[in-house]
Amino acid sequence: MSSPQQRLPRDQRRDQLVGVARSVFATRGYRTTSMDMIAEAAGVSKPVLYQHFDSKQDLYLALIDSSAAHLDSRLAEALGSTTDPHEQVHATYRAYFDFVVSHREEFVIIFNSDVYEPKAEQKLRALRESSATRVVSALQSFACLTDDEAQLLCRALIGTAEVVVKQIDSQRGIDADTAVELLTQMSWGGLRSFADR
């Protein structure tokens, strides 16, 4: 941690504060975290923290933005990594679960948040919509599906992944690699039938 006396360039300080805040929020939750706690964990005074963020909500919204952008880029990269639909399914599940495992705090910020701020919920909905748009496009690239059909299947795929992640968290009987293989097999078994319609 930086000492209160150490002066960093503004962008570096902001990045440092975001990283510390992400850890504190992911551990303690939104409602029980205070700006005092974040400032103390970052080794700065509260006025320094307020030089970068107007409020706790403002800071949390910045965390959602950075975490959502990271996840969205991972999913876009996975979907664009191949034109083979089966491999796209596998790559997308793999990217999602890798994000959950390797970027745990960001995952918690996005999916296990206890925040009920309208602006935060709006940003989280936007992330889901962005992810859904990518998946719908991929589905319609290989199967003859109407927009409504593709949207329904997309919601089923995304919902299944989110439920499975929480199941792994609570029981830990199956690791992420096994989950990716099982979900790919199950999902592709159903999805490929639509290519023959």
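Basic side chains Lys and Arg get +1 at the Cβ, acidic Asp and Glu get -1 at the Cβ, and with that the dipole of segment 63-188 about its Cα centre reaches some 120 debye. Based on DSSP H segments of at least four residues, each scored -39500 (n - 2.57), the chain has a per-residue ellipticity at 222 nm of -25500 deg cm²/dmol. Mind checking which helices in the chain clear 30 Å along their axis (Cα) and have mean Kyte-Doolittle hydropathy of 1.6 or more, DSSP H runs only? Helix filter hits for the chain: none.
If you wrap the Cα atoms of the chain in a convex hull and average its projected area over all directions, you get 12.2 nm².
Name the residue farthest towards the positive end of the dipole of segment 1-149 from the options Tyr116, Gly29, Val89, assuming +1 on Cβ of Lys and Arg, -1 on Cβ of Asp and Glu, about the Cα centre. Selected residue: Gly29.
The charge dipole of segment 1-85, taken about its Cα centre with unit charges on the Cβ of Lys, Arg, Asp and Glu (plus for the first two, minus for the last two), comes to roughly 400 debye. Across the chain, C-alpha contacts under 8 Å between residues 6 or more apart give a mean separation that, scaled by the residue count, equals a relative contact order of 22 percent. Reachable aspartates and glutamates from Lys166, Cα under 13 Å, same-chain residues fewer than 8 places away excluded? Partners found: Asp175. Across all directions, the average flat footprint of the convex hull enclosing the Cα atoms of segment 98-148 is 4.8 nm². Counting Lys and Arg as +1 and Asp and Glu as -1 over every other residue whose Cβ lies under 12 Å from the Cβ of Gln140, the net charge comes to -2.
Label separation (Glu181 vs Met35): 5.1 nm, computed from points 7 Å beyond Cα along the C-beta direction. Checking the cross-link filter: which lysines have an alpha carbon closer than 18 Å to that of Lys123, excluding same-chain neighbours under 8 positions apart? Excluding near neighbours in sequence, the set is Lys56.
Just so you know, all these numbers are worked out from the coordinates, no wet-lab data involved. This structure is a prediction, so every number in the text was calculated from the model and none was measured. Ideal geometry is used to build each Cβ from the backbone, glycine not excepted, and the neighbour counts take in all protein chains shown.
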